[in-house]
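For reference, the structure is listed below as structure tokens.
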Amino acid sequence: MCRTHVGEHILRAILEISEANLREQIHPGYPCSFCGRTGCNIDLTKTSSSYQPASNCPRAHKFSLAPAKKYSACMPSTNVPLHCDLCETDPTTKKKPTFWKYNIFNHIQHKHPRNWDAEARRTKGLSEAFVASIQVDIDPRELTAIAPSATRIYPIPDAEAEVRSQQDRQPLASVLATLHSSIVLANTSSSSLNARSFFSTEFSSTYM
């Protein structure tokens with residue numbers, strides 16, 4: 001619960017919602033989702049079937065990555081560690097750097113400026129898989145549950161990836177549209193043919 005609870009405060013801080021009653025304010029840089037401070041390490045250790053989060057934070061605790069990625073009413077925050085696809089793989093660890101999900105936009109803005117549109121306040125040139133992993137508003141209930149009074153918009157994921165995804169789906173849509181048109185045309189032709197046959201038969205039996 002510590003990770004999700006602190007994660008909620010981090011998200012509110014990102015959206016500039018003041019919480020003056022906190023005993024300790026969330027660090028504005030790269031806050032740890034276990035304690036809200038900066039300087040704690042976060043990593044993803046490969047297991048036989050998935051990844052296990054690991055941290056040197058004194059308040060760190062074990063949690064399962066898969067369910068933590070999904071919104072739930074009792075744990076609305078989806079602030080989980082993830083790898084930055086834009087970073088180079090460390091030659092020693094053979095892994096890419098790990099960041100908390102809510103911190104990834106700050107990281108991209110400062111370390112990968114080519115992939116950050118400052119005016120639109122969104123990323124650009126990211127892979128669809130990376131975009132899917134960093135989205136917070138993939139389930140709007142997360143923002144509504146944690147920061148209903150927010151006036152600042154959470155950084156919008158990459159528009160280019162959304163367009164590419166739509167383009168990937170376009171061929172199938174075109175095929176379905178063509179198939180639909182063919183079926184309609186076939187039904188229309190069949191109806192016309194049946195009508196001509198009926199009138200031809202009627203005409204023959206009546207006037208021939």
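Nothing in this text is a laboratory measurement; each read-out follows from the coordinates by a stated rule. All of these numbers come straight from a predicted model, not from anything done at the bench. All Cβ positions, even for glycine, are placed from backbone atoms using ideal geometry, and neighbour counts span all protein chains on display.
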> At a Förster radius of 45 Å, what calculated FRET efficiency corresponds to the Cβ-Cβ distance of Asp85 and Arg23, to the nearest 0.05?
Replying inline: 0.80
> How big is Rg to Rh over region 1-129, alpha-carbon atoms, Rh as the Kirkwood inverse-mean-distance radius?
Replying inline: 0.96
> Hey, what do the phi angles of region 59-69 turn into as Karplus ³J(HN,Hα) couplings, whole Hz, using 6.51/-1.76/1.60 and θ = phi - 60°, x for Gly and Pro?
Replying inline: 9, 5, 8, 6, 7, 8, 5, 4, x, 5, 6
>> Sort 101-114, 15-28 by the packing proxy (mean of other Cβ within 10 Å over each peptide's residues), most packed first.
In response: 101-114, 15-28
> So what are the ³J(HN,Hα) numbers for region 32-41, from phi and the Karplus equation (6.51, -1.76, 1.60; θ = phi - 60°), rounded to whole Hz, Gly and Pro as x?
Replying inline: 6, 7, 8, 10, x, 8, 10, x, 7, 7
>> Give the separation of the Cα centroids, region 82-108 to region 2-52, in Å.
In response: 16
>> Out of the GluC sites (Glu not before Pro) in region 66-128, which ones are loop residues according to DSSP with at most 12 other C-beta atoms within 10 Å?
In response: Glu88, Glu119
